[in-house]
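The values are calculated or read from the model by the stated rules, or taken from the named source; none is laboratory data. Quick caveat: nothing in here was measured; it's all calculated off a predicted structure. All Cβ positions, glycine included, derive from the backbone under ideal geometry; neighbour counts span all protein chains shown. The accessibility values were calculated without ligands, DNA or RNA, using every heavy atom of the protein model including side chains. Shrake-Rupley method; radii C 1.70, N 1.55, O 1.52, S 1.80 Å.
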Amino acid sequence: MILSRLHVRVTRRSPASAALRDAATRALASAGLFRGLHGGASSEHGREPAGPLTLYRKLVSQGKLTHDSYQENVASELDNLLSRLQRYEMEMEDYHDKLYFWENSREKERRRLLVEEAEDKQRGGVWIDERRGFLDKLVARRRRGSIEPGVGKWVSYLNREKKLDTLVGHRPVAPVAPKGLYLYGNVGSGKTMLMDMFYGATEGVIKHRRRFHFHEAMLEIHDHMHDVWKRRDDDKSIHSSAFSWISSLPFDTKIKEWLIGEEKYKQQTQEKHILLAVADKFLVDRQANKTGASILCFDEIQTIDVFAVVALSGILSRLLSTGTVLVATSNKAPEDLNQDGMQRDIFLELLSKLDESCNEILVGTEKDYRRLIPTEGSTEVHYFWPATSDARSMYEAMWHDITDQSGENIVSVTIPVMFGRSIEIPQSCNGVARFDFEYLCGRPVGAADYIAIARNYHTIFISEIPAMSMKIRDKARRFITLIDELYNHHCRLICLAASSIDDLFQGTEEGPLFDLESFQFETESEGTKLRRDVLAEGNAGSGPSTTGLVAILSGQEEMFAFRRAISRLIEMQTPLYLERVLAVHPSFRRPGLARNNRPAVPQPAPAV
């Protein structure tokens, strides 16, 4: 086994390894295995990518996967969904063409009505009031003063909308979307693998498609919220581009100010709920491209805090209501996602929408198939333990071997992170980066930093990884987030650790990782308060249920996350995963990056 102690010799590679790498690439391309995941499938030769069921059966027949009836059933359901999506795509293209025409017509009519109202006000200000008596003017002023501020704009807005419905007609009706899938099951049951097979097969079929992991989705939601707030601040100016059409109209300054006020009120009404505005930008900028269907693949749906419950409920409900097809994975059935009862009413609305829009499928195997992926033919170790002098020598030899192949210098660089931040990479060399555990997990960094690293580097070296205990619980949580992001971005990982993968989270002499006497499950949003205390105060909705509180106090969510991290670390050592690094990682999919100029990634021998 790859994970056994140091009994496999690491062979230093020569330039001839490039030929082996190219041969492995050609073999991978000809087999079509996982080539289509995250785009770029088989379009090189003008062929559509294989469907999930075909790909799954091919992997089984080649000995890459072990057959499982649950997995095959899911692959079949995903295949059926893919075939329905082909027709749905055409229906949505037609719908968006009609919607585009309707929206433009409605906007033209709305502005025409506004201009007519402005002309009446301009005329009224010039000569109608002059013919009124003093008493009429006084009564009119008093009437205006008795109206609650904002009510006039609200009534005008509603009357205008009713007129537009009569003049332009109601919004076109979207075609009925095919039901998506919600896959749930144990660690290593194949949920993510099957979802990725489906996602790869949608290339060329669906124009608007995104694949998110939970951490990445939450960060993007925050980013979009920031953009919406910033745009609102920018649009407060009279010189905003949103009001440019008003500046050329032949009206007095006061009338133009009234028009701008009406425009601002319309924007505020339409963007009153920020999550709806965020949802409209979350999957695709419909202002840039209004045609086609939308697919959202969402890995590891969780509701770890109040923000996650509210954000996911608002955004997923909006996307599903506007025709997006959802394929999601989770370790829990939908009704079990929120066992502590946070924002219960909002959560129940999400459950209702998921039930309406998705078929739930239990991937019911109890096996962790990542442990069963064949490793025959592998000649490399990527996880070195324990951290003896021999292990360090082999770890250093692999670092020098891989960086020497690139032909570039090892440098320190700084890369951008979301929200205008940046992170320094101490040692970087042509898509390869090196860190120690404390640098990545012992500082206040998080998912945004790990995503930036994963997107920029296909090979990551991490040394000095300790066995985890209660004493470094926060570091353990960061390490799990790091593994999630490296796995989701298909990075190659080389580790130097104090213990085997299976023993990483078993605790040390300093104490176990799950110590109920001193359980401190804290999150960024809860500051220094205990999570159970926050819930008990009622700050998270109606308060926790007994079952939810027991789940929190027993560290159930963390235990699952630890098991997932172990499972993923094991898979990241297998030939099948390492083949996918070259096929899928963003470094190798950037435009203009010719195959013969790709960064060096030594390939394992093909599994037999």
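Name the single residue, out of those in the range 209-226 being of a type in the set (A, V, I, L, M) and under 15 Å from CYS297 (Cα atoms), that is most open to solvent (accessible area, probe 1.4 Å). Outline the logic, then answer.
Step one: filter the range 209-226 for residues of a type in the set (A, V, I, L, M), giving 217-219, 221, 225.
From what is left, the residues that are under 15 Å from CYS297 (Cα atoms) are 217-218.
Working: ALA217: 0, MET218: 19 Å².
That would be MET218.
Could you grab me the full set of residues in the range 54-75 that are within 25 Å of the chain's Cα centre (by Cα) and within 16 Å of SER189 (Cα to Cα)? Break it down stepwise before answering.
Of all residues in the range 54-75, those within 25 Å of the chain's Cα centre (by Cα) come to 55-56, 71, 74-75.
Those that are within 25 Å of the chain's Cα centre (by Cα) and within 16 Å of SER189 (Cα to Cα): TYR56, GLN71, VAL74, ALA75.
In the range 331-373, what residues are among the β-branched types (Val, Ile, Thr) and either part of a helix (DSSP H, G or I) or closer than 27 Å to ILE206 by Cβ (or both)?
Quick first cut of the range 331-373, residues among the β-branched types (Val, Ile, Thr) only: 346, 361, 363, 365, 373.
Matches in the range 331-373: ILE346, ILE361, VAL363.
Suppose the filter is within 26 Å of ASP336 (Cα to Cα) and at pLDDT 80 or above; does LEU312 pass it?
On the way: within 26 Å of ASP336 (Cα to Cα): yes; at pLDDT 80 or above: yes.
Judged against the criteria, LEU312 is a match.
Of ALA328, ALA288, which residue is modelled with pLDDT of 90 or more and outside any helix (DSSP H, G or I)? Write out each step before concluding.
Details: ALA288 fails: modelled with pLDDT of 90 or more.
Exactly one residue qualifies, and that residue is ALA328.
Of everything in the range 290-315, what is open to solvent by 10 Å² or more (accessible area, probe 1.4 Å) and either within 28 Å of ARG564 (Cα to Cα) or outside the structural domain of PHE212 (by the TED database) (or both)? Give them in sequence order.
Quick first cut of the range 290-315, residues open to solvent by 10 Å² or more (accessible area, probe 1.4 Å) only: 290-291, 302-307, 310, 314.
The answer is GLN302, THR303, ILE304, ASP305, VAL306, PHE307, VAL310, GLY314.
Restricting to the range 434-482, count the residues that are among the hydroxyl-bearing types (Ser, Thr, Tyr) and part of a helix (DSSP H, G or I).
Of the range 434-482, the ones among the hydroxyl-bearing types (Ser, Thr, Tyr) are 439, 450, 457, 459, 463, 469, 481.
Subset that is part of a helix (DSSP H, G or I): 439, 450, 481.
Total meeting the criteria: 3.
Is it the case that the range 289-298 has a residue that's touching a Ser or Thr at 6+ places or on another chain (Cβ under 7 Å), under 27 Å from GLY204 (Cα atoms) and of a type in the set (Ser, Thr, Tyr)? Break it down stepwise before answering.
Of the range 289-298, the ones touching a Ser or Thr at 6+ places or on another chain (Cβ under 7 Å) are 294-296.
Cutting the leftovers down to under 27 Å from GLY204 (Cα atoms) gives us 294-296.
The next check asks that each one be of a type in the set (Ser, Thr, Tyr); those that pass are 294.
Checked against the condition, which is being touching a Ser or Thr at 6+ places or on another chain (Cβ under 7 Å), under 27 Å from GLY204 (Cα atoms) and of a type in the set (Ser, Thr, Tyr), the range 289-298 yields at least one hit.
Give the residue that is farthest from GLU557 (Cα to Cα), with candidates limited to residues of the range 479-507 that are modelled with pLDDT under 90 and open to solvent by less than 50 Å² (accessible area, probe 1.4 Å).
Pass one, the range 479-507, residues modelled with pLDDT under 90: 505-507.
Restricting the remaining residues to those that are open to solvent by less than 50 Å² (accessible area, probe 1.4 Å) gives 505, 507.
Numbers: PHE505: 14, GLY507: 17 Å.
My answer is GLY507.
So, of the residues in the range 417-433 that are outside any loop (DSSP other than H, G, I, E, B) and among the small types (Gly, Ala, Ser), which turns out to be surrounded by the fewest Cβ atoms within 10 Å (Cβ to Cβ)? Steps first, please.
First, pick out the residues of the range 417-433 that are outside any loop (DSSP other than H, G, I, E, B): 418-420, 422-429, 432-433.
Next cut, among the small types (Gly, Ala, Ser) only: 420, 422, 428, 433.
Numbers: GLY420: 7, SER422: 11, SER428: 21, ALA433: 23.
Ranking the candidates gives GLY420 first.
Among the residues of the range 160-202, how many are in contact with a Leu (Cβ under 9 Å, 6 or more places away or on another chain) and either in a strand (DSSP E or B) or more than 26 Å from ARG87 (Cα to Cα) (or both)?
13
Matching residues to (1) free of Cβ contacts under 8 Å to residues at least 60 places away in the same chain; (2) assigned by the TED database to the domain that holds HIS489; (3) farther than 21 Å from VAL176 by Cβ:
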position	(1), (2), (3)
VAL325	no, no, no
THR329	no, no, yes
LEU337	yes, no, yes
GLY341	no, no, yes
ARG344	no, no, yes
GLU349	yes, no, no
LYS353	yes, no, no
VAL363	no, no, yes
TYR383	no, yes, yes
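Just for the range 331-352: of the residues that are in contact with a helix residue (DSSP H, G or I) (Cβ under 8 Å, 6 or more places away or on another chain) and of a type in the set (S, T, N, Q), which one is modelled with the lowest pLDDT? Walk me through it before giving the result.
Looking only at the range 331-352, we keep the residues that are in contact with a helix residue (DSSP H, G or I) (Cβ under 8 Å, 6 or more places away or on another chain), and these are 331, 334-335, 337-343, 346-347, 349-351.
Next, from what is left, pick out any that are of a type in the set (S, T, N, Q): 331, 338-339, 343.
Details: ASN331: 89, ASN338: 85, GLN339: 73, GLN343: 87.
The residue in question is GLN339.
Would you point out which residue out of ASP129, ASP136 is open to solvent by 80 Å² or more (accessible area, probe 1.4 Å) and modelled with pLDDT under 90? Write out each step before concluding.
Values: ASP129 fails: open to solvent by 80 Å² or more (accessible area, probe 1.4 Å).
Exactly one of ASP129, ASP136 is open to solvent by 80 Å² or more (accessible area, probe 1.4 Å) and modelled with pLDDT under 90, namely ASP136.
Mind counting the residues in the range 389-416 that are at pLDDT 95 or above and not in a helix (DSSP H, G or I)?
Total satisfying the criteria: 7.
When both residues are 6+ apart or on different chains and their Cβ atoms are under 7 Å apart, which pairs have a first residue that lies in the range 194-210 and is at positive phi, and a second that is of a type in the set (D, E, K, R)?
Between residues of the range 194-210 that are at positive phi and residues that are of a type in the set (D, E, K, R), the close pairs are GLY204/GLU48.
Scan the range 92-119 and report the pairs whose first residue is closer than 16 Å to LYS256 by Cα and whose second residue is basic (Lys, Arg) and open to solvent by 30 Å² or more (accessible area, probe 1.4 Å), with Cβ atoms within less than 7 Å and a gap of 6+ or a chain change.
Cβ pairs passing all conditions: LEU113/LYS163.
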